[in-house]
Every structure is written in structure tokens, then in C-alpha cells.
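Take a look at the structure set out below.
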Amino acid sequence: HDPNLLQAAQELALLYSIDSHDTSDQSELARIGGIRGISATDLFAALAELRKRGVVQVRGRWNAILPHVIANRLAAAALERIPPTDFDRFCSSSTPRMLKSLSRRLGYLHDSPEARTMITRWLQPQGLLADVVVRGDDGVEILSNVAPVATEAVLAKIRQVLVGPRSSDIVPPNCSVRWRWTRLIKALAYDANLFDSAATQLVRFVAAEPADHNQNAARQPFEELFHLYLSGTQATPEQRRQFVRRLANSNDPSERRCAASALKSLLKASHFSSWSNFDFGARSRNWGWEPQIPQDVCAWYSDAIDLAVELSDLLNNTRDILAHSVRDIWLIEACHDALERAADAFSQASPWIEGWVAFRKTLCFEGKDMPAPIRERLIGIIERLKPKDLLNQARAVVLGRSSGGWEVVDGEDDHEDVMKLWQRASQIAQDIGRQLAQDTGTRNAILTELETEPHASRANECGRGLAEGADDLDAMWGELTTHFVSGDTTTSIATVMGGFIAAAHGRDSSFVDRALDAALHAPRLAQILPYLQAQAGLDDGAIARIRRAILLGSIKASAFLNIRNGSAGTIQIEAFCDLLRDISAMTNGAEFALDILHMRFVCEKNAERDYDIRLINMGRDLLHIIDFGQRSVGGNHAVEVII
């Protein structure tokens with residue numbers, strides 16, 4: 001027994017690791033020795049003795065008291081005997097590295113009253129972490145390390161920061177340390193009594209993010225809090241649903257957006273995973289609340305489904321959110337009642353097309369193995385949800401956002417070839433287009449919705465049907481262009497117009513020539529001229545028209561992305577090279593010309609034709625003029641093929 005060695009070990013254990021090579025006056029050994037007024041050399045000797053006794057691990061210049069069961073007890077004992085003023089003086093003289101190492105050790109001492117008191121002092125207005133944001137990455141790391149010791153005090157500090165002027169330094173999506181803050185807040189949400197407060201702080205970060213933001217996104221840890229598994233919180237299901245209700249009733253649109261994200265997570269029923277770190281100092285933790293018996297699972301989803309129906313008047317996309325989870329939840333037989341209630345409730349308010357498609361998909365993929373009574377029940381729900389009028393049939397088939405668009409087909413065999421279903425869905429969309437051509441009111445309603453829809457699955461086929469069923473092609477084209485000019489150029493109206501031009505070309509090629517000639521002088525239409533022209537065919541006259549548009553300056557180089565496909569292979573080589581020269585002379589045009597030429601080489605290869613020397617020379621010319629510093633073309637496949 002050596003009392004001096006014991007005290008030295010206690011003080012050395014305060015740091016998670018210590019630099020043992022430096023014994024100068026400003027060394028870490030000297031600063032620790034200053035607590036009791038002993039020299040760095042004496043502490044070095046103590047470290048050597050502790051190494052002999054097997055309680056010090058060595059990694060290069062770094063030494064650490066280990067194992068933790070010994071180091072934590074030693075550090076707690078040091079806090080008991082060191083006067084608070086002496087310890088505060090030691091902290092204020094410590095380097096940033098020492099403070100991070102010290103905070104990491106303190107994070108294991110949540111059972112120590114002295115550690116809790118000391119961390120509380122750090123969080124006071126004059127304390128070490130008074131302005132934690134100013135310390136940057138080091139500050140939030142220290143705060144995260146000590147959070148297990150004083151969870152409520154740390155959460156209160158975070159609330160104080162987020163309502164203060166410093167919030168703008170950590171909340172914006174481009175902040176490099178925000179991921180540390182959100183991870184810390186997620187960890188603090190573990191305890192049920194802290195869940196509401198912690199989740200509210202996370203909402204501040206999520207609300208600041210654009211909907212498509214992914215880098216250092218707070219949305220992911222926030223959504224995990226509402227998962228059935230791996231949530232990282234002990235908050236009860238009802239507590240979490242109540243939180244979603246509160247957000248949904250907010251007057252703040254960003255908070256309602258967070259409510260929709262949380263509701264989607266409540267309804268998630270497969271492929272659970274988490275990027276969170278579930279360790280939290282020395283506190284005993286698990287992966288959060290999870291069901292103990294099958295009835296817990298049923299109750300979770302049934303209540304979440306009922307919540308979706310309840311919030312449908314407050315959140316715009318609850319119907320779509322629930323539809324997204326229908327297939328997975330239907331596999332839980334005890335949830336069928338809740339799903340059927342939701343289907344009836346939604347369809348009473350207005351047709352639930354997303355739900356109809358979702359239940360159809362469920363029948364297609366899962367129906368074969370279902371017991372007959374369950375299958376019949378599912379078919380009954382589908383029949384009640386099936387759109388009966390032309391407007392909602394068009395919404396289901398033309399506006400459908402599903403990946404294949406074939407789910408709208410009532411096949412004789414739910415497991416028949418998907419390609420056949422896909423082709424039949426295309427035919428249905430074309431038939432709907434023909435009917436819309438004779439129904440002005442419904443047609444106007446669908447075209448208006450297409451003005452804001454970026455990815456309508458069957459827009460092209462609908463356009464073809466419009467051309468086939470139109471009594472007056474010029475009048476119908478006038479309607480389409482009016483809607484196109486009213487909306488965004490990235491919406492599906494352009495795709496409808498492409499299908500219309502393709503089918504109209506078969507009916508009356510002179511009409512198409514007139515329409516596309518007029519597009520030369522309409523700024524908005526000129527931007528999609530290459531796409532429209534490709535739909536009608538790229539003959540010599542078409543190339544001449546496009547070159548006139550370039551000469552008039554009414555078109556941008558980016559518009560030629562639309563002919564970066566197989567249509568490039570149908571153009572006569574001389575006209576093709578002339579077009580590429582014109583495109584390459586435009587601003588940033590060489591990049592697009594290179595992509596189009598690449599596709600032409602692909603077409604030549606597929607047709608088993610020898611590469612024409614004119615195409616090879618064109619490639620050499622483009623490689624000569626392109627600015628390789630403008631974009632990352634080193635690994636670009638198109639450039640590689642052309643070279």
C-alpha cells in the first residue's frame with residue numbers, strides 16, 4: 001500500500017489518456033501535478049510504477065489508466081478529495097486536448113455527486129461551457145462527453161443555445177458541427193421524461209433543412225425516434241403519438257412537415273436500421289422501447305393508422321404516407337381492421353387513389369399465398385377504393401407516382417408477367433387520353449394538376465391518346481401550350497406534349513411542322529423543341545429547324561439533353577455533325593455535344609456498323625475544344641468511350 005502512489009493514480013485517472021513523454025513546465029504531467037503541487041518528474045515515476053502493476057496501457061506517447069472499472073473509481077475518489085476551487089483552477093489551465101480527455105472520463109461518473117456538481121458549474125454563465133458554441137467542435141464534443149452525468153442540465157443548456165443568438169452558428173444545414181449537436185440531442189431523448197424537450201430541439205434542426213437535404217441531416221435521427229425498433233428512446237408509443245399531434249396542430253408549416261416525417265416513421269414496418277450510437281457514458285442503455293408481445297405490434301400500427309386518419313385534415317400528405325406502408329402492414333393480420341377503417345374513412349372524404357394502388361400492389365405481390373378469406377377481404381377493399389369516374393381514373397393511371405405504373409391494371413392473374421401488365425397500363429393511359437379529348441372539363445382539371453406534377457408515370461401515353469381522340473389538333477395543341485406556359489418547364493405537361501406530337505405526326509405531319517415552326521418564336525416552347533422534335537422524328541427538316549432555333553438564340557445547350565438517346569442514331573451523318581458543331585459553339589455546348597456523340601457511337605455499335613470517319617473527326621474536334629476543368633470528366637464514361 002502506497003498512499004502517494006494512490007493519490008497520483010487518482011489524479012492521473014482524471015484524464016482518459018495522458019502524454020507521458022513531455023515533462024516540461026507546460027506539459028500535461030506538470031498541469032496535473034499542479035493540483036497537489038508535485039512535479040512532472042514525480043508523476044512520471046508514478047506512471048512507471050503503475051505500468052509495472054498492470055493498470056496502465058501504453059500506446060506510443062499516450063498512457064491511460066485501465067481498465068475502466070479501476071480508472072473510474074480512482075477518478076471519482078480524486079473528485080471527492082480535491083477542493084472545488086483547486087479543481088476549477090486545474091480545468092482553467094488545461095489545454096483543449098486535456099479538457100476533451102477530462103470530459104470523456106467525467107462522462108463515466110454519473111454516480112458521482114461531485115462530478116454532477118462540477119458539470120453543473122461548467123454550464124453556469126461564468127463556467128467553462130458558458131459559451132459552448134464559441135469553442136466550436138471542441139465545445140460540442142466536451143458537452144457530449146459530460147452529458148451522461150447531468151442530462152437535464154445539458155438539455156437545458158442546449159435549449160438556451162437554440163433560442164439565443166448563437167443558434168445561427170449551429171442550426172443551418174451547412175454547419176459542419178451540427179451532426180454532433182443532433183446526435184447529442186437524440187441521445188438525450190432516450191429517457192421518457194426528457195423525450196418531449198429533446199425532440200422539440202431536434203425539430204429546430206429539421207425545420208431548417210430543405211426537404212431533399214441529406215448531408216448532416218437532422219431528419220434521420222429525428223425520424224428514428226418514432227420507429228418501432230431501434231428508436232433509441234424509452235418514450236411510450238402514446239407519448240410519441242402525442243408529440244406528433246402537437247406538431248401537426250402547429251401554425252408553423254415547418255413543424256407540420258416534421259409531423260408528417262414522424263408519422264411516416266410511426267408507420268414504417270420493415271427494414272429497420274439506425275446510424276445512431278447507443279452508448280451513453282457508463283449508463284446502462286438498450287436500443288429503446290420495443291414490443292414485448294405480438295399485441296404490442298398490433299397496437300402500435302393500429303394506433304398509428306388511426307392517427308393518420310385523425311391528422312388528415314391537418315397534414316396534406318397523410319393519405320400518401322399511409323398508402324406507402326399498406327403492403328408491409330397488411331402482413332400483420334391483426335391490423336386489417338385498422339387499415340379497412342382508414343380506407344373507408346379516406347374514401348368517404350374523397351377518392352383515395354394512392355390507397356387503391358397500394359392495396360392493388362399488395363394483392364399482386366402477396367395475394368397468391370393469402371388464405372381465401374383474407375384475400376377476399378383485400379379484394380373487397382380494392383373494389384370499394386377503385387376510381388369510378390374519368391377524372392379519378394386519370395389521376396390513378398396518368399398521374400400515378402408508382403415506380404412501374406402497372407399496379408392500376410386488373411390482371412386475370414395477379415402474378416402474370418410484369419411487362420405485360422406494364423404494356424396494358426400504357427394502353428389504359430392512352431385510352432384515357434382519348435376519352436379526355438372529348439371531355440373538356442375533366443381534361444382541363446387533369447392538365448392543371450399536371451402543371452405541378454414532375455413525374456407523372458403515364459403522361460406520354462395520355463398525350464398520344466389526346467392526339468388520337470382530338471377533333472381539332474390545332475385547338476388541342478393550343479390548350480396544351482397554354483397549360484405548359486402557365487406551369488413549370490420541369491413538369492409532366494411537356495411529356496404530354498411529346499406524346500401528343502408523336503401521335504399527331506402520324507395523323508397530320510403538316511400540323512406538326514406548323515406547330516414546331518411556331519415553337520421557334522415562343523421562348524418557353526423553344527426550350528423543349530429538341531424533345532418535341534425527337535418525338536416526331538429527326539429527319540433533315542427537323543435538324544434544319546433545330547439549327548434555326550440555335551441561330552435565333554432561343555434555345556439553351558441544356559435543352560439537348562433530350563436527344564441524348566437512341567434518336568441520335570437516326571440522323572444522317574452530315575446533318576448530325578453540322579448539328580453538333582452548332583451545339584458545341586453554344587455556352588457550355590461542347591459538353592452536351594460530347595454526350596450526344598457518345599450515344600451515336602453506341603447506336604453505331606448496336607447496329608454493327610463501322611464507325612464513319614466523319615464521326616471520329618467530330619469526336620477529335622470536340623475533345624480539342626472542351627474545357628476539362630469545367631466538370632469532372634476524367635471518369636466520365638461518355639468521354640472514355642469517345643477517346
Can you tell me which residues in region 58-75 are under 13 Å from Glu11 (Cα atoms) and basic (Lys, Arg)? Arg73
Do the conditions hold for Ala235, that is, is it aliphatic (A, V, I, L, M), more than 21 Å from Arg327 (Cβ to Cβ) and open to solvent by less than 30 Å² (accessible area, probe 1.4 Å)? yes
Could you say whether any residue in region 117-133 is within 14 Å of Leu14 (Cα to Cα) and of a type in the set (Ser, Thr, Tyr)? no
Take residues that are among the hydroxyl-bearing types (Ser, Thr, Tyr) and tell me which of the helices (runs of 4 or more DSSP H) falling wholly in region 216-284 contain 3 or more. 253-266
Reported set for region 129-143 where residues are open to solvent by 40 Å² or more (accessible area, probe 1.4 Å) and in a helix (DSSP H, G or I) is Val134, Arg135, Asp137, Asp138, Glu141
Filtered residues of region 506-526 (kept if buried (at least 19 other Cβ atoms within 10 Å of the Cβ) and either more than 36 Å from the chain's Cα centre (by Cα) or at pLDDT below 90 (or both)): Val512, Ala515, Leu516, Ala519
Looking at Leu339, Leu307, Leu314, Leu322, can you tell me which residue is open to solvent by 60 Å² or more (accessible area, probe 1.4 Å), modelled with pLDDT of 95 or more and in contact with a helix residue (DSSP H, G or I) (Cβ under 8 Å, 6 or more places away or on another chain)? Leu314
Any chance region 608-616 includes a residue that's more than 19 Å from Leu532 (Cα to Cα), assigned to a helix (DSSP H, G or I) and in contact (Cβ under 8 Å) with a residue 24 or more places away in the chain? yes
Give the residues of region 7-43 that are in contact with a Lys or Arg (Cβ under 9 Å, 6 or more places away or on another chain) and more than 24 Å from Gly107 (Cα to Cα), sorted by residue number. His21, Asp22, Ala40
Looking at region 38-62, which of its residues are in a loop (DSSP other than H, G, I, E, B) and either under 20 Å from Leu99 (Cα atoms) or of a type in the set (Phe, Trp, Tyr) (or both)? Arg61
Every residue in region 58-85 that is closer than 12 Å to Met118 by Cβ and either exposed (fewer than 15 other Cβ atoms within 10 Å of the Cβ) or at pLDDT below 95 (or both), please. Glu80, Pro83, Pro84, Thr85
Top-ranked residue in region 534-556 [being in contact with a Ser or Thr (Cβ under 9 Å, 6 or more places away or on another chain) and buried (at least 19 other Cβ atoms within 10 Å of the Cβ); ranked as farthest from Thr491 (Cα to Cα)]: Leu538
Is it the case that region 584-602 has a residue that's free of Cβ contacts under 8 Å to residues at least 40 places away in the same chain and over 24 Å from Arg548 (Cα atoms)? yes
Confirm whether Leu225 is within 24 Å of Ile305 (Cα to Cα), touching a Gly at 6+ places or on another chain (Cβ under 9 Å) and aliphatic (A, V, I, L, M). yes
I'd like to check something: does region 151-167 contain any residue that is open to solvent by 40 Å² or more (accessible area, probe 1.4 Å) and either in a loop (DSSP other than H, G, I, E, B) or touching a helix residue (DSSP H, G or I) at 6+ places or on another chain (Cβ under 6 Å) (or both)? yes
Just to be sure I understand, how many residues within region 219-240 are of a type in the set (A, V, I, L, M, F, W, C) and under 18 Å from the mean Cα position of the chain (by Cα)? 3
Listed by first then second residue, the pairs whose first member lies in region 166-190 and is in contact (Cβ under 8 Å) with a residue 60 or more places away in the chain, whose partner is open to solvent by 70 Å² or more (accessible area, probe 1.4 Å), with beta carbons under 8 Å and at least 6 positions apart or on separate chains, are Arg183/Asn277; Ala187/Asn277
I'd like to know if region 557-568 contains one or more residues that are open to solvent by 80 Å² or more (accessible area, probe 1.4 Å), under 30 Å from Arg464 (Cα atoms) and assigned to a helix (DSSP H, G or I). no
What's the total number of residues in region 127-173 that are more than 27 Å from the chain's Cα centre (by Cα), over 15 Å from Gly281 (Cα atoms), of a type in the set (A, V, I, L, M) and at pLDDT 95 or above? 2
Residues of region 364-375 being assigned to a helix (DSSP H, G or I) and under 16 Å from Cys335 (Cα atoms), which ones? Glu366, Pro373, Ile374, Arg375
Boolean, Thr587 is over 30 Å from Thr448 (Cβ atoms), within 35 Å of the chain's Cα centre (by Cα) and open to solvent by 60 Å² or more (accessible area, probe 1.4 Å): yes
Considering only residues that are surrounded by 14 or more Cβ atoms within 10 Å (Cβ to Cβ) and small (Gly, Ala, Ser), look in region 258-279 and name the one that is farthest from the chain's Cα centre (by Cα). Ala269
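The values are calculated or read from the model by the stated rules, or taken from the named source; none is laboratory data. Just so you know, these numbers come straight off a predicted model, no measurement behind them. For neighbour counting, all protein chains shown are included, and Cβ atoms are generated from backbone atoms with ideal geometry for every residue, glycine included. Remember, those area values only see protein heavy atoms, side chains included, never the ligands or the DNA or RNA. Shrake-Rupley method; radii C 1.70, N 1.55, O 1.52, S 1.80 Å.
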